[in-house]
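Written below as structure tokens is the structure these notes are about.
Every number here is computed from the coordinates shown, using simple stated rules; none is lab data. Just so you know, these numbers come straight off a predicted model, no measurement behind them. Neighbour counts run over all protein chains shown; Cβ positions are idealised from the backbone, glycine included.
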């Protein structure tokens, strides 16, 4: 059944892309100079690729994105596990975690700018603040939702705290953690663009600013399209990993 569903899914997906391109082209004709057409955008994208501008911009932005995302994972996952396993710590910090998560990162940019300036560290901090909270909260919820019967069985077999973490808590939390990382990827992408637009303009943010300043609608749309394709690819890859490790949760729950 899955073998027949996959080609059908890809066919529908390809058809939707064709429809989108046609609608885009027709909308550009109606909008005139306000909106670049699909063909103009593709031509401008080819120019950015051939000139090397896009590659350089993606490299600069990718360093910020990957560094911020890696720090968010390294910090968020352990903190979420610790917060969940120690009730007193959870009671002390949970409200603040959700409060910080609710604050738009863009409102913190002036404080980051005052403290760290325009350099690489400031941009990475913006990315971390955009990505770490969904990762932390997902890990915390995963560790907190471990069924008591699993812990009771582990205790009955004489498991110590370290064995409890290795054999029960961490395996059960893995699917939750991957879900949080998936959300963190989206947050890190948004944080990267915010950092590059509102701090020192570099990378993809610099391309967007220059395109807007020069009224280069095709250039702005081309860069936006590339960002969208990267986002969809990363989310698709993380979704595949999420589905793969969801079996852990089912196996442990069963």
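With the Kirkwood sum run over all distinct C-alpha pairs, the range 1-98 has a hydrodynamic radius of 18.8 Å.
Packing-based ranking of 72-81, 209-218, 121-130, 8-17 yields 121-130, 72-81, 209-218, 8-17, ordered from highest to lowest mean Cβ neighbour count within 10 Å. Each of residue 13 and residue 35 was given a label point 7 Å from its Cα along the Cα-to-Cβ line. The distance between the two points is 2.5 nm. The Kirkwood radius of the range 168-234, taken over pairs of alpha-carbon atoms, gives through the Stokes-Einstein law at 20 °C and 1.002 mPa s a diffusion coefficient of 157 µm² s⁻¹.
Modelled spin-label separation between residue 93 and residue 228, with each label point placed 7 Å from Cα along the Cα-to-Cβ direction: 3.9 nm.
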